[in-house]
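Peer 1: I have a structure I would like to understand better, so I am pasting it below and will then ask my questions one at a time.
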Amino acid sequence: MLRFVTTFLLILIGLFTLEMLSPVQEHVITPFTSLLAHLSAVLILPFDNAVVAYGKVLQFKDSGFAVSIEAGCNGVEATIVLIAAICAFPASWRARLTAIGLGFLAIQVINIVRIISLFYLGNWNLEYFSWIHLYLWPALIMLDVLVVFIVYLRYLSKQTQPLETAVD
C-alpha cells in the first residue's frame, strides 16, 4: 500500500508539474480545451443553431451568454489523477495503456455533458450554475475517475485469478 501511495503521489506531482509548463499549456492544453468547446458546439448545433464556439469559449449568438472552459474544467486534471492511479498499481503496460485510453474517453464524455449542461444552466440561472459548477460537477467528475479505476481493478483481479479446474 505504501508503494502504491508513494508511486501515485510521485506520478501525480510529476504530471501536474508537466501540465503547468508553458510549452505544454500552449501546445497541448489550450488546443485540447479549444477542441472541447468546438466539439460541444458541434453536438449542440443540430438542436440549437444559436451556438458558436471560438477558442475555448462557447457562446449563444442571441443572448450573448458564454462560458469559457478554463483549467480544471477540461478534464485534464481528472485524467492526471486517473493516470497516476493506474500507473501506480502493478499491471502490464498493455492493461495500463488500455485503461488510460478508455478512462480518458469516459472522463471526456462526462466532461462534454458537463460543459453543455453548464452552458445551458448558466444561460438560464447563474445562481444554480455557480453552485453546480463549483460543487456538483467536480464531485461527479472525480466519481467518474473512481468508478473507472474500480472497474480497472476488477478487470485486473479477474485476469489474475487462477482458472478453476473441474474435478471428476
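The values are calculated or read from the model by the stated rules, or taken from the named source; none is laboratory data. What you see is a predicted model, and the numbers here were worked out from it, not measured in a lab. Virtual Cβ from ideal backbone geometry, glycine too; neighbours counted across all protein chains shown. Accessible surface is based on the protein model in full, side chains and every heavy atom, while ligands, DNA and RNA are left aside. Shrake-Rupley method; radii C 1.70, N 1.55, O 1.52, S 1.80 Å.
Peer 1: Report whether or not N111 is in contact with a Gly (Cβ under 7 Å, 6 or more places away or on another chain) and either part of a helix (DSSP H, G or I) or free of Cβ contacts under 8 Å to residues at least 40 places away in the same chain (or both).
Peer 2: So N111 fits the description; yes.
Peer 1: For the range 1-96, please list each of the helices (runs of 4 or more DSSP H) lying entirely inside it that holds at least 2 residues being surrounded by fewer than 12 Cβ atoms within 10 Å (Cβ to Cβ) and hydroxyl-bearing (S, T, Y). First the steps, then the outcome.
Peer 2: Values: elements: 2-20, 30-44, 76-88.
Answer list for the range 1-96: 2-20.
Peer 1: What residue, of I112, I150, is open to solvent by less than 40 Å² (accessible area, probe 1.4 Å) and of a type in the set (V, I, T)?
Peer 2: Exactly one residue qualifies, and that residue is I112.
Peer 1: A further question follows. On the basis of being out of contact with any Phe, Trp or Tyr (no Cβ under 6 Å at 6 or more places or on another chain) and over 16 Å from N111 (Cβ atoms), does L35 make the cut?
Peer 2: no
Peer 1: Open to solvent by 20 Å² or more (accessible area, probe 1.4 Å) and either more than 11 Å from the chain's Cα centre (by Cα) or at pLDDT below 95 (or both), is that true of L118?
Peer 2: Here the answer is no, as L118 does not meet what is asked.
Peer 1: Could we say that E70 is among the acidic types (D, E), at pLDDT 95 or above and out of contact with any Leu (no Cβ under 7 Å at 6 or more places or on another chain) here?
Peer 2: For E70, the condition - among the acidic types (D, E), at pLDDT 95 or above and out of contact with any Leu (no Cβ under 7 Å at 6 or more places or on another chain) - is not met.
Peer 1: Sticking with this one: Is it the case that S117 is within 27 Å of F65 (Cβ to Cβ), small (G, A, S) and assigned to a helix (DSSP H, G or I)?
Peer 2: yes
Peer 1: Pick out the one residue from G55, G64, G122, G103 that is of a type in the set (G, A, S), farther than 15 Å from T33 by Cβ and without any contact (Cβ under 8 Å) to a residue 24 or more places away in the chain.
Peer 2: Answer to the selection: G64.
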